[in-house]
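The values are calculated or read from the model by the stated rules, or taken from the named source; none is laboratory data. The structure presented is a predicted model; accordingly, all values stated were derived computationally and were not measured. A quick note on method: Cβ atoms are made from the backbone with ideal geometry, for glycine too, and the neighbour counts reach across all protein chains shown.
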Amino acid sequence: MAEQKRKKQKKSLACRREFIAATALAGVGAGVALAEGKVQAVAKAVKGKCYGMVIDLRRCIGCHACTVACKSEFNVPLGVWRAWVIVKEDGEYPHTRRSFIPKLCNNCRNSPCIKICPTGASHYNEDGISSIDEKKCIGCKLCVGTCPYKQRFINPDKKTADKCTLCMHRVRKGLVPSCVNTCVGKARIFGDFNDPDSEVSELVRNNKVSVLRPDLGTKPQVYYIGNLDE
């Protein structure tokens, strides 16, 4: 009798878990559908500007000043970053080479992180920037896992998703992002891609450029000049 009772309880528990899992997935699915609609609506509404960045890898010296500036600007906690630099070493001694690839949010125009957000916390703001509403974020990490560029993270202090927002608080005052301002090699160039006369538009027009993971169709707005081989 005791054995039968245990089996019955085990079966009941398994059914309950399956029901909870199915309910959760259904909720996420509904959230994704709603978020996709918001992405399309906001993307159509934001027609004025398309902010982004061109990074000239030929000029980057790997000083990490951009990383430090970003940390200071936003008081980013230890162990996480809004912007960073990948250091690559190739070849064999004595024929070795070191190269650098600065990373930040790509401000994609077809953002999978926004589509997956079940609460609408991830959205395009009035400037057309991929943003996060901390009041709506529940820290579920769906956007973190969905970002193909590994740019999002959970802020250990706020317990919400966090990422680069291209320093829009500075841009609205007529300033460039902090990382651009501090780049000693002038490798980072910020601007509006919807403005054909902007420096970033001219750079893309007159140089061979690449983006990270073009196969995904996310339409990233960070372009690289130089050898982008991860």
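Assorted remarks:
- Matching residues, region 124-148, being in contact (Cβ under 8 Å) with a residue 60 or more places away in the chain and either aliphatic (A, V, I, L, M) or surrounded by 19 or more Cβ atoms within 10 Å (Cβ to Cβ) (or both): Tyr124, Gly128, Ile129, Leu142
- Test for Gly27: is it surrounded by fewer than 15 Cβ atoms within 10 Å (Cβ to Cβ) and modelled with pLDDT under 85: yes
- Where Asp162 falls short, out of the listed (1) within 19 Å of Arg188 (Cα to Cα); (2) touching a Phe, Trp or Tyr at 6+ places or on another chain (Cβ under 7 Å): (1)
- Elements of type strands (runs of 3 or more DSSP E) contained in region 59-176, each with 2 or more residues being within 17 Å of Gln221 (Cβ to Cβ): 95-103, 122-124, 130-132
- Among (1) in contact with a strand residue (DSSP E or B) (Cβ under 9 Å, 6 or more places away or on another chain); (2) free of Cβ contacts under 8 Å to residues at least 40 places away in the same chain; (3) of a type in the set (A, V, I, L, M), the one test that Ala121 misses: (2)
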